[in-house]
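The values are calculated or read from the model by the stated rules, or taken from the named source; none is laboratory data. All of these numbers come straight from a predicted model, not from anything done at the bench. Cβ sites come from the backbone with ideal geometry, for glycine too, and all protein chains shown count toward neighbours.
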Amino acid sequence: MRKILRFLKKALPLQLKARRHGRDLALVKDCTAHINGKDILAFIVLRNEAVRLPYFFDYYRHLGVGHFLIIDNGSDDGLLEVIGAAADCSVWHTQASYKAAKFGVHWLNFLLRKYGTGHWCLTVDPDEFLVYPYSDSRNLRELTHYLEQEGKPSLFTLMLDMYSDTAIEQATYQAGQDPLAICPWFDGTGYYQDKRPHYGEWWIRGGVRRRAFFADQPEHSPALNKTVLVHWRWYYAYIASTHIVWPNRLNNPHFADTLAPTGCLLHFKYLSLLREKAEEEVHRQEHYAGSFEYQRYLAGLDAQAYLWTSASVRFQDWRQCVDLGLMTTGRWF
Amino acid sequence: MKLAFIILAHDDSDNLFRLIRRLLADGDLVVVHWDKKNPFDLAAAAYSQLDGPQRSRLRFARRHAVEWGGWSMVEATLAGLAELAASAETFDYVILLSGADYPIKPLRVLKAFLRQGGGREYIECVNPEHETWVVDGLVEERYQHYHWLNWRKRPKLFSFMVTVQKKLGIRRRLPEGLSPRFGSQWWALTGTTAQQVLERSRRRALRAFFKTTWVPDELFFPTLVAALVPAGRIVSNSLTFYHFSQQGRPLLLYNDHFDFLCQQERFFARKLSAHATLLRDRLDQVLADPEPAAPPVRLSKQLPAYEAFTAVQWRGLPGRRVIGRQHDAWYGDLEWNKRPYFVLVCDQQTRLETARQTLNALPGVSCYGELFHGSHIDYGVSGWAHPFYPADKPAVRDMKRPNFLADVLQAQPAQFIGFVLRLPCGHEMEKVILFDPQAAPIFILPADGYQTPDGLAWDTAFANMVLHDNLQEARRAGKRCLLLTAHQHHLSDEGISQLSSYVSRLKTGFTC
């Protein structure tokens with residue numbers, strides 16, 4: 001009984017908030033009838049990221065995502081034209097505050113409950129590309145089938161910040177381009193992981209963000225742990241971006257006795273697109289801690305920061321991530 | 001030689017038709033059992049998927065709703081056999097496959113192999129009294145007890161029933177004086193034996209008994225074949241490659257398993273992922289090979305690749321960090337570090353320039369300065385600093401010092417690395433180096449007067465106490481460490497040569 005009460009005490013407020021903020025969303029492109037019972041669904045919150053979408057769609061369609069559910073927070077860059085008539089995309093539009101919706105989390109939880117229940121759900125940003133063990137030869141359906149068979153409801157990922165060997169603003173990106181061709185470098189070492197007691201999540205900080213933008217205050221460096229792929233149930237909820245998900249067991253990267261597969265999330269933030277984004281976000285003040293992170297990026301851009309060093313590693317494939325100890329295959333042969 | 005295949009399938013009709021086309025290509029027969037639970041009309045789909053001559057050699061068995069572990073699995077197989085018997089076709093062998101299987105050797109090679117074998121039965125027949133076949137779980141209980149429930153649906157009640165029957169001492173015997181045999185579900189039987197099995201299976205007592213056994217498909221056919229055929233004609237092996245993980249789940253085969261499958265000395269593989277189109281394409285190339293290699297006679301499984309993988313990967317690679325697992329947060333990444341290093345532990349005033357110069361002159365040795373200095377990182381070896389940890393930004397290092405050390409050790413894999421640690425340092429490193437099995441501490445104790453940097457005279461006793469406490473603790477932890485004495489903050493020439501020969505000796509034990 002006490003267990004049930006404790007469960008409701010946590011689950012209900014999260015669901016109510018999601019419902020309240022869900023009312024902000026207006027369905028502007030409805031293809032949800034095409035969602036198939038076994039589809040893997042991708043949930044995305046974005047603002048003015050249309051330039052990244054063509055490649056993003058290609059990448060995840062190839063991995064086996066069945067439907068994209070996009071929350072557009074007031075874009076003015078022709079998002080709907082880019083998406084066109086694609087039958088595997090549905091778009092919700094809102095002008096409401098990103099910050100008030102706890103940085104989009106309530107919107108996501110709303111859609112996840114409504115459409116994601118029973119599906120494997122991938123919640124990523126348009127600049128994040130998932131790599132997992134055997135991702136070059138096995139699709140997400142095969143991965144999720146394995147996880148399901150082993151009784152694992154989620155996939156843990158480590159975010160790898162990718163960068164080029166030029167100054168950030170010289171790494172220009174054009175629509176449809178593979179960002180890996182421009183930003184193939186990342187930090188192979190320099191990560192710090194720590195288990196936090198409240199939600200039991202592994203809090204990982206480090207990489208290029210910490211050394212290049214937060215070297216004087218590394219404690220404030222943003223988290224790199226993300227649980228992006230979850231076999232959703234109605235009462236599940238993201239707590240802080242995709243860094244923390246409730247219930248706590250979903251934050252567990254591994255089994256009690258052995259390792260489970262984990263992934264890496266290649267993150268392409270440090271491109272020429274960063275300045276425009278950073279300037280807008282610093283001005284809007286809609287991001288975490290008064291867009292503190294974006295202020296740092298702007299300072300870095302102004303200083304013509306080079307992120308590349310002689311210790312940087314050029315990305316090859318998922319095997320390299322396993323060899324570097326950034327990803328595990330578990331017992332998935 | 002003509003073959004007849006029985007395929008048990010329940011979904012994924014695309015890959016099923018692909019398999020059917022592949023099996024029909026050599027003029028053989030195929031009978032499909034399509035699970036009754038799946039409403040898809042397979043027979044209708046066959047019209048669009050297959051051409052006339054192909055369809056004439058394809059038959060559909062009477063459909064049953066198949067449940068894993070239940071009698072329905074045997075019934076589905078028997079329905080296939082009955083369909084074959086009704087077809088009035090002649091064939092030499094009946095081979096049982098599933099819809100997720102695929103041939104890995106050309107059918108011509110299989111036929112040559114069967115011809116050479118001279119009409120033997122290929123079915124695993126293991127006598128539970130002599131050998132263990134079931135790795136983990138129920139063995140004799142499968143037939144000695146009554147099983148009315150499916151473990152997959154009611155696991156707790158199922159186990160309870162087993163316990164109760166065990167307590168009651170229920171021990172059934174097989175009917176008709178049969179002796180139990182276990183074996184894989186996937187077999188290849190001669191046409192005559194298959195016919196005999198079918199006839200025998202019509203006996204009511206036999207059916208009634210096996211209906212209440214657990215996983216009868218792994219018991220029914222081996223038991224009957226062992227009773228019908230002299231032991232000399234049974235090859236207790238399967239033509240199908242299959243493997244079960246330690247958790248008892250079948251190993252799924254993916255696109256990247258092509259080489260692994262080519263190593264297997266079997267004719268079919270189970271079970272292929274529904275999405276492994278590329279693997280099927282590549283296998284098609286092997287199957288179309290006009291001059292195939294000699295047939296695999298040993299029917300053996302080649303698992304070294306699989307075993308090597310599971311032995312290493314399921315606990316993480318040795319000497320590598322595992323993301324999301326840590327046994328002792330205090331050590332950070334040093335927990336995974338397998339690279340030995342040495343530490344010159346001394347007080348605040350001991351001068352070590354000469355000693356470090358001597359050590360750096362040794363081939364393959366790098367002795368840094370105070371890596372953990374309060375206000376900066378003193379790399380001390382000219383020309384090298386870790387690019388992620390600039391000397392003037394110690395905050396990143398101080399976030400987790402053991403991780404910094406592990407990164408520095410990893411960045412210079414060919415070097416035997418050491419550094420200076422002055423005590424008291426006020427952070428965890430003074431303890432970490434005592435308990436880290438890779439650390440070799442070298443204690444340099446002051447023999448005389450001692451002053452703190454701010455001019456306050458402390459006595460030697462204090463410095464000795466701090467250092468000594470650590471030394472004692474290191475020894476208690478079973479650490480071998482060198483003890484040197486500094487006179488007036490300097491190591492004597494003798495001390496330095498002692499130090500340098502000690503480090504060289506440590507280095508010989510250091511392999512990279």
Failed item, numbered, when B:Arg320 is tested on (1) surrounded by 14 or more Cβ atoms within 10 Å (Cβ to Cβ); (2) more than 10 Å from every other protein chain (Cβ to nearest Cβ): (2)
Output for segment A:223-262, where each listed residue is out of contact with any Cys (no Cβ under 6 Å at 6 or more places or on another chain), more than 9 Å from chain B (Cβ to nearest Cβ) and β-branched (Val, Ile, Thr): A:Thr227, A:Val228, A:Ile239, A:Thr242, A:Ile244, A:Val245
Some residue of segment A:278-286 being within 8 Å of another protein chain (Cβ to nearest Cβ), surrounded by 17 or more Cβ atoms within 10 Å (Cβ to Cβ) and of a type in the set (Val, Ile, Thr): no
Near pairs, Cβ below 6 angstrom, 6+ apart or cross-chain, from segment A:2-16 (within 19 Å of A:Ser241 (Cβ to Cβ)) to any residue that is not in a helix (DSSP H, G or I): A:Leu14/A:Ala237
Among (1) crowded, with 21+ Cβ neighbours inside 10 Å; (2) out of contact with any Lys or Arg (no Cβ under 7 Å at 6 or more places or on another chain); (3) of a type in the set (A, V, I, L, M), the one test that B:Val381 misses: (1)
Hey, A:Tyr163 crowded, with 16+ Cβ neighbours inside 10 Å, within 14 Å of chain B (Cβ to nearest Cβ) and on the phi > 0 side of the Ramachandran plot or not: no
Residue check, B:Arg356 outside any loop (DSSP other than H, G, I, E, B) and basic (Lys, Arg): yes
Unique residue being under 22 Å from B:Glu265 (Cβ atoms) and modelled with pLDDT under 90 when the list is B:Val135, B:Val126: B:Val135
Set B:Pro128, B:Pro106: member being surrounded by 16 or more Cβ atoms within 10 Å (Cβ to Cβ) and over 21 Å from B:Ser184 (Cα atoms): B:Pro106
All positions within segment B:29-49 that are in a loop (DSSP other than H, G, I, E, B) and surrounded by fewer than 19 Cβ atoms within 10 Å (Cβ to Cβ): B:Lys36, B:Lys37, B:Asn38, B:Pro39, B:Phe40, B:Asp41
Conditions (1) touching a helix residue (DSSP H, G or I) at 6+ places or on another chain (Cβ under 6 Å); (2) within 11 Å of chain A (Cβ to nearest Cβ); (3) not hydroxyl-bearing (Ser, Thr, Tyr): number failed by B:Phe309: (1)
Matching residues, segment B:295-346, being over 21 Å from B:Ala406 (Cα atoms), touching a residue at least 24 places away in the same chain (Cβ under 8 Å) and small (Gly, Ala, Ser): B:Ser300, B:Ala305
Residue pairs meeting the criteria (Cβ under 6 Å; at least 6 apart or on separate chains; first under 17 Å from B:Gln165 (Cβ atoms), in segment B:211-224; second small (Gly, Ala, Ser)): B:Val215/B:Gly69
Residue, nearest to B:Ala385 (Cα to Cα), within segment B:422-442, restricted to residues that are touching a residue at least 60 places away in the same chain (Cβ under 8 Å) and touching an Asp or Glu at 6+ places or on another chain (Cβ under 7 Å): B:Arg422
Selection count, segment A:278-327, where residues are within 19 Å of the chain's Cα centre (by Cα) and within 23 Å of A:Thr258 (Cβ to Cβ): 4
Condition check for A:Asn139: within 11 Å of another protein chain (Cβ to nearest Cβ), more than 27 Å from B:Asn403 (Cα to Cα) and in contact with a His (Cβ under 7 Å, 6 or more places away or on another chain): yes
Filtered residues of segment A:179-206 (kept if β-branched (Val, Ile, Thr), within 11 Å of chain B (Cβ to nearest Cβ) and either part of a strand (DSSP E or B) or closer than 15 Å to A:Asp127 by Cα (or both)): A:Ile204
Every residue from segment A:312-324 that is more than 9 Å from chain B (Cβ to nearest Cβ) and farther than 20 Å from B:Tyr389 by Cα: A:Phe315, A:Gln316, A:Asp317, A:Trp318, A:Arg319, A:Gln320, A:Cys321
So B:Val235, is it surrounded by fewer than 22 Cβ atoms within 10 Å (Cβ to Cβ) and in contact with a strand residue (DSSP E or B) (Cβ under 8 Å, 6 or more places away or on another chain): yes
Residue list for segment B:370-423, filter: touching a strand residue (DSSP E or B) at 6+ places or on another chain (Cβ under 9 Å), part of a loop (DSSP other than H, G, I, E, B) and more than 14 Å from chain A (Cβ to nearest Cβ): B:Glu370, B:Leu371, B:Phe372, B:His373, B:Asp378, B:Gly380, B:Val381, B:Gln415, B:Leu423
Wholly within segment B:51-147, helices (runs of 4 or more DSSP H) carrying at least 1 residues that are closer than 25 Å to B:Arg207 by Cβ, touching a residue at least 40 places away in the same chain (Cβ under 8 Å) and among the hydrophobic types (A, V, I, L, M, F, W, C): B:71-86
Top-ranked residue in segment A:76-94 [being in contact (Cβ under 8 Å) with a residue 24 or more places away in the chain and in a loop (DSSP other than H, G, I, E, B); ranked as nearest to A:Phe43 (Cα to Cα)]: A:Asp88
Residue tally, condition of a type in the set (A, V, I, L, M, F, W, C), touching a helix residue (DSSP H, G or I) at 6+ places or on another chain (Cβ under 8 Å) and within 20 Å of B:Phe17 (Cβ to Cβ), over segment B:59-83: 3
Elements of type helices (runs of 4 or more DSSP H) contained in segment B:158-273, each with 2 or more residues being under 30 Å from the mean Cα position of the chain (by Cα) and over 16 Å from B:Leu138 (Cβ atoms): B:258-263
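Condition check ((1) on the phi < 0 side of the Ramachandran plot; (2) out of contact with any strand residue (DSSP E or B) (no Cβ under 9 Å at 6 or more places or on another chain); (3) away from every other protein chain (no Cβ under 11 Å)) across all residues:
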{"residue": "A:Gly290", "(1), (2), (3)": "no, yes, yes"}
{"residue": "A:Leu301", "(1), (2), (3)": "yes, no, yes"}
{"residue": "A:Gln304", "(1), (2), (3)": "no, no, yes"}
{"residue": "A:Ser310", "(1), (2), (3)": "yes, yes, no"}
{"residue": "A:Leu326", "(1), (2), (3)": "yes, no, no"}
{"residue": "A:Gly330", "(1), (2), (3)": "no, yes, no"}
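Residues checked against (1) part of a loop (DSSP other than H, G, I, E, B); (2) in contact with a Leu (Cβ under 8 Å, 6 or more places away or on another chain); (3) of a type in the set (Phe, Trp, Tyr); (4) not assigned by TED's automatic domain parsing to the domain that holds B:Ala25:
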| position | (1), (2), (3), (4) |
| --- | --- |
| B:Asp289 | yes, no, no, no |
| B:Arg298 | yes, no, no, no |
| B:Gln302 | yes, no, no, no |
| B:Asn337 | yes, yes, no, yes |
| B:Gln349 | yes, no, no, yes |
